Amino acid sequence: MHNMNRVKMIDFQQRGDERGHLVIVEGGIDVPFEIKRVFYIYGSDRKVIRGQHANRKTEFVMINVSGTSKVSVKDGEGNEAIFCLNRPHTGIYLPTMVWKDMYDFSEDSVLLVLASEHYDPDEYIRDYNVFVQEIGTKRT
Ligand code: TYD
């Protein structure tokens, strides 16, 4: 349950005026890490399930800057929490070693992802059983 307790929604500062909205996300200030990588996911639909991995080293913040999606988070010990991303000024913080699935993407969904590390395929765990095993090893 430990890492799951660290998952949280973050509300970002909005500076809207008559010209429109502006949302501010600063590394190390609004998100709890320095941002080393940014990627975004769009063109996924209601049938797609993405993610399906855990990360040994990388922390993430995900923001649906347009549209909506859902994120399921599992701790590898039988607990699951589901979060709706449906506001351009709210993100979800995901610590290391939680299993995540992103799904139920609206047609206009643009899911912006901020990451604490550069891409390294070796720090991704893509087999759920390996994830459960590593969580178990950490506990003992
Ligand atoms: P994948 O991890 O499957 O995406 P998701 O986060 O939705 O599960 O990544 C899709 C492909 O893109 C895969 O071949 C790895 C590659 N990729 C990079 O090269 N760099 C990155 O920063 C990311 C997130 C993915």
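The values are calculated or read from the model by the stated rules, or taken from the named source; none is laboratory data. None of the values given here were measured: they were computed from a predicted structure. Heads up, the Cβs are rebuilt from the backbone with ideal geometry, glycines too, and the neighbour counts pull from every protein chain shown. Please note that ligands, DNA and RNA were not included when accessible areas were found on the heavy atoms of the full protein model with its side chains. Shrake-Rupley method; radii C 1.70, N 1.55, O 1.52, S 1.80 Å.
Checking the structure you have, find out if any residue of the stretch 35-45 is open to solvent by less than 50 Å² (accessible area, probe 1.4 Å), part of a loop (DSSP other than H, G, I, E, B), within 16 Å of the ligand (Cβ to nearest atom) and under 18 Å from Ile125 (Cα atoms). If you could, list the steps in order and put the result at the bottom.
The initial filter retains those residues of the stretch 35-45 that are open to solvent by less than 50 Å² (accessible area, probe 1.4 Å), namely 37, 41, 44.
Adding the requirement that they be part of a loop (DSSP other than H, G, I, E, B) leaves 44.
Those left that are additionally within 16 Å of the ligand (Cβ to nearest atom): 44.
Filter once more, keeping what is under 18 Å from Ile125 (Cα atoms): none.
No, the stretch 35-45 contains no residue that is open to solvent by less than 50 Å² (accessible area, probe 1.4 Å), part of a loop (DSSP other than H, G, I, E, B), within 16 Å of the ligand (Cβ to nearest atom) and under 18 Å from Ile125 (Cα atoms).
Given the residues Val61, Val113, Val98, which is the only one that is within 11 Å of the ligand (Cβ to nearest atom), under 14 Å from the mean Cα position of the chain (by Cα) and open to solvent by less than 10 Å² (accessible area, probe 1.4 Å)?
Val113
So the check is Cβ under 9 Å with 6+ separation or different chains; which pairs have a first residue in the stretch 65-90 that's among the acidic types (Asp, Glu) and a second one that's at pLDDT 95 or above and open to solvent by 40 Å² or more (accessible area, probe 1.4 Å)?
These pairs meet every condition: Glu77/Val132; Glu80/Lys74.
Just the residues that are polar (S, T, N, Q) and either surrounded by 15 or more Cβ atoms within 10 Å (Cβ to Cβ) or at pLDDT below 95 (or both), please, taken from the stretch 67-87.
Passing the criteria: Thr68, Ser69, Ser72.
Within the stretch 46-58, how many residues turn out to be farther than 12 Å from Val113 by Cα and either open to solvent by 40 Å² or more (accessible area, probe 1.4 Å) or of a type in the set (Gly, Ala, Ser) (or both)?
9
Which of the residues belonging to the stretch 116-129 are assigned to a helix (DSSP H, G or I) and loosely packed, with under 12 Cβ neighbours inside 10 Å?
Result: Pro121, Asp122, Asn129.
For the stretch 4-23, enumerate the residues that are under 15 Å from Gly91 (Cβ atoms) and open to solvent by less than 60 Å² (accessible area, probe 1.4 Å).
Val7, Ile10, Phe12, Val23
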